[in-house]
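Below is one structure. I have some questions about it.
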Amino acid sequence: GRAASGDCCLRNLHMKRVPWGMHEEYQFVVRLDLSHNQLAALPEEMARMVLIQHLDLSYNHLRSYPKVLNEGDFGATITHLDLSHNLLTRLSPDISLLSSITTLLLAGHYWEEGGLPDQISLLLRLKTLDLRGIPNMHKWLWGEEARERHGLPPTLRSDRSMVTEDEFIAYVKEHPLLISSLSEAGARGMFYRAATEDRK
């Protein structure tokens, strides 16, 4: 029979794998929603889904940029890609192959230093880039292991004198890849939480 077209919603089905044969059954879908599942990878066969414009992969278990997005016609067709709230720490420079993309959603990731490639600047049609919000950010930044991993200072110096709020916020602003697009108000909130933990 004729492959389905239009929209396909397979969200919140607890899927660990994309259903076998989806690329045939939904070959001509324009919007594909695979969000809120447990997907760790996408099959190569998805490259046969030749009309996808809107692809939602948010809230899955993806640890790397899906290589299948480099295949088929995705570079020309995808205009909206949501990869927010996965397990990414780096974004592949291959993102630049999505030459038609206008919306790229990447919120809620713990980016490594240099994890966001310069090639994002090659996405000439990009109008919306979302890098907001690391979940439980203060715990991630201020746990003992995290402080050592990122080289972040406590709010108390070794002589037990307090780092000032302005000093702390200046430091946070110098490390945008660690904290995404945290607002100054968010940085102040983080300062008070961290200072409270340090005093315990």
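The values are calculated or read from the model by the stated rules, or taken from the named source; none is laboratory data. Quick caveat: nothing in here was measured; it's all calculated off a predicted structure. A quick note on method: Cβ atoms are made from the backbone with ideal geometry, for glycine too, and the neighbour counts reach across all protein chains shown. We work out accessible area using only protein heavy atoms, side chains counted, and drop any ligands, DNA or RNA first. Shrake-Rupley method; radii C 1.70, N 1.55, O 1.52, S 1.80 Å.
Based on Cβ point charges of +1 for Lys and Arg and -1 for Asp and Glu, what charge dipole magnitude is obtained for region 1-63 about its Cα centre, in debye rounded to the nearest 20?
On the way: 7 positive and 7 negative charges, 30 e Å.
Result for region 1-63 is approximately 140 debye, rounded to the nearest 20.
Given the peptides 80-87, 21-28, arrange them by the average over their residues of other C-beta atoms within 10 Å, most packed first. Write out the running numbers ahead of the final one.
Details: 80-87: 20.4, 21-28: 16.1.
Highest to lowest by the protection proxy: 80-87, 21-28.
A follow-up question, please. Report the extension gain between Glu45 and Gln119 in nm, rounded to one decimal, defined as 0.36 nm multiplied by the number of residues separating them, less their alpha carbon distance.
Details: separation 74, 0.36 × 74 = 26.64 nm, distance 2.60 nm.
My answer for the length gained is 24.0 nm.
Sticking with this structure for a sec: First measure r as the distance between the Cβ atoms of Asp94 and Ser5, then evaluate 1/(1 + (r/R0)^6) with R0 = 25 Å and state the FRET efficiency to the nearest 0.05. Walk me through the numbers on the way to the answer.
On the way: r = 27 Å, r/R0 = 1.10.
For R0 = 25 Å, the calculated efficiency reads 0.35.
Then there is this: Summing Lys, Arg as +1 and Asp, Glu as -1, what charge do residues with Cβ under 13 Å from the Cβ of Val50 carry, Val50 excluded?
Values: positive: Arg48; negative: Glu24, Glu45, Glu71, Asp73.
Cβ neighbours under 13 Å give a net charge of -3.
Tell me, what is the per residue accessible area of region 1-62 in Å², probe radius 1.4 Å?
Values: 3580 Å² over 62 residues.
The answer is 58 Å² per residue.
Between Tyr65, Gly75, Ser100, whose Cα lies farthest towards the positive end of the dipole of region 2-113 when Lys and Arg beta carbons carry +1 and Asp and Glu beta carbons carry -1, centred on the Cα centre?
Farthest towards the positive end: Tyr65.
Charges at C-beta only: +1 for Lys and Arg, -1 for Asp and Glu. How large is the resulting dipole of region 19-115 about its Cα centre, in Debye rounded to 20?
On the way: 5 positive and 12 negative charges, 28 e Å.
So the dipole magnitude of region 19-115 works out to roughly 140 debye.
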